[in-house]
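Asks: After the structure tokens below, expect a handful of questions from me.
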Amino acid sequence: MGTGLHAPILDWYAENARDLPWRRTDASPWAILVSEIMLQQTPVVRVLPIWAEWMERWPTPAALAAEPPGEAVRHWGRLGYPRRALNLHACARAITTEYEGQVPSTYDELRKLPGIGDYTAAAVASFAFGHSHAVLDTNVRRVLARAVRGEEYPPKATTTPERKLAESLLPALDAPRWGVAVMELGALVCTARAPRCADCPVAAACAWRLAGRPAYEGPERRGQTYAGTDRQCRGRLLAVLRDAHGAVPKAALDAVWADAVQRERALDGLVTDGLAEVLAEGTYRLPS
DNA sequence: GACGCGTGGTT
DNA sequence: TAACCAAGCGT
């Protein structure tokens, strides 16, 4: 099942792929690794400028490893999930000390680095080193759910059947190209909200479309509100630390969030997570 | 397996 | 306009 998907999707990709800098043939493994971490839960258009700045500033793992972790957090800007900046910094140091500055090439080695889970390890092994892995991101899972399983959305968490299906579809030749092509189809055509089936190269074979695009019937997908959460509070506090070069008096942090109990909890959380550092006299800064 | 973790554009 | 969504990970 589904082997008929390959040629249409690969042909579509050849015509419609975006020219993203981390896909160019001269992109280094480090450049690809940085892009993959930045792209976790983050749209391409927001990643592009930050990635470019990082590549200019820190073109190698050793360059980033030579900086204090707080500089990675500072130059993360407002990308979101700033622990990823800390993870990338820790990756850079591990790569420098344990791999002589060269990004490791195997899934198992990559998987052990901080912030690199199943998806990112498979993506880097595949896209940077040409290895054959099933790259199961949200786009690929959605495309396969629709085209093969006939359902609007994949399960909340990746299942064994999904993995088996993705592995069964891996082509003998050029698995990396296949992976990025399916991802791109999900990103540009087989989108979550309003899929453009009229532009889809596999519309004629898509189980979901042939079934009349039945609505999702799985469990309710909860979306938590952001306003007033610890998350928002942490973001406010970290923005103050990021934008101030050097020590920040606690009063400056108190000023950006009214609820003292929540504010203290969030600040403690940032310190616990290594995103902030307590200095003497109740001042704070990014980690050194 | 469910939850916490940022941010901003889109509908 | 509140909710959804965007190349997930760690606990």
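The values are calculated or read from the model by the stated rules, or taken from the named source; none is laboratory data. Predicted, not measured: the structure shown is a model, and the values here were computed from it. Backbone-built Cβ (ideal geometry, glycine too); neighbour counts: all protein chains shown. Accessible surface areas use protein heavy atoms only, side chains included; no ligands, DNA or RNA. Shrake-Rupley method; radii C 1.70, N 1.55, O 1.52, S 1.80 Å.
Asks: Name the residue that is least open to solvent (accessible area, probe 1.4 Å), counting only residues in the stretch A:165-195 that are among the charged types (D, E, K, R) and at pLDDT 95 or above.
Replies: A:E184
Asks: Scan the stretch A:254-276 residue by residue and report those that are exposed (fewer than 13 other Cβ atoms within 10 Å of the Cβ), assigned to a helix (DSSP H, G or I) and among the charged types (D, E, K, R).
Replies: A:D268
Asks: Any chance the stretch A:86-103 includes a residue that's away from DNA strand B (no atom under 14 Å from the Cβ), assigned to a loop (DSSP other than H, G, I, E, B) and crowded, with 22+ Cβ neighbours inside 10 Å?
Replies: Yes, the stretch A:86-103 has at least one match.
Asks: Moving to a separate point now. Could you go through the stretch A:203-218 and let me know if any residue there is among the aromatic types (F, W, Y) and open to solvent by 50 Å² or more (accessible area, probe 1.4 Å).
Replies: Yes: the stretch A:203-218 contains one or more residues that are among the aromatic types (F, W, Y) and open to solvent by 50 Å² or more (accessible area, probe 1.4 Å).
Asks: Next question. If you check A:A204 against the conditions, is it more than 30 Å from A:H131 (Cβ to Cβ) and either under 26 Å from the mean Cα position of the chain (by Cα) or part of a helix (DSSP H, G or I) (or both)?
Replies: yes
Asks: Exactly one condition in (1) in contact with a Gly (Cβ under 9 Å, 6 or more places away or on another chain); (2) over 30 Å from A:T191 (Cβ atoms); (3) within 11 Å of DNA strand B (Cβ to nearest atom) is not met by A:L237; state its number.
Replies: For A:L237, the exception is condition (1).
Asks: Oh, and also: Quick one: count up the residues across the stretch A:233-249 that are in a helix (DSSP H, G or I) and open to solvent by less than 50 Å² (accessible area, probe 1.4 Å).
Replies: So the answer is 8.
Asks: Between a residue in the stretch A:174-196 that is more than 24 Å from A:G130 (Cβ to Cβ) and any residue that is away from DNA strand B (no atom under 14 Å from the Cβ) and hydrophobic (A, V, I, L, M, F, W, C), which pairs come within a Cβ distance under 7 Å, given they are 6 or more apart or on different chains?
Replies: A:V189/A:C200; A:C190/A:V143; A:C190/A:C200
Asks: Now, a different point. Out of all the residues in the stretch A:41-61, is one or more assigned to a loop (DSSP other than H, G, I, E, B), within 10 Å of DNA strand C (Cβ to nearest atom) and either crowded, with 19+ Cβ neighbours inside 10 Å or in contact (Cβ under 8 Å) with a residue 24 or more places away in the chain (or both)?
Replies: yes
Asks: Filter the stretch A:67-81 down to the residues that are within 17 Å of A:E56 (Cα to Cα) and open to solvent by less than 10 Å² (accessible area, probe 1.4 Å), then identify the one that is farthest from DNA strand B (Cβ to nearest atom).
Replies: Ranking the candidates gives A:A72 first.
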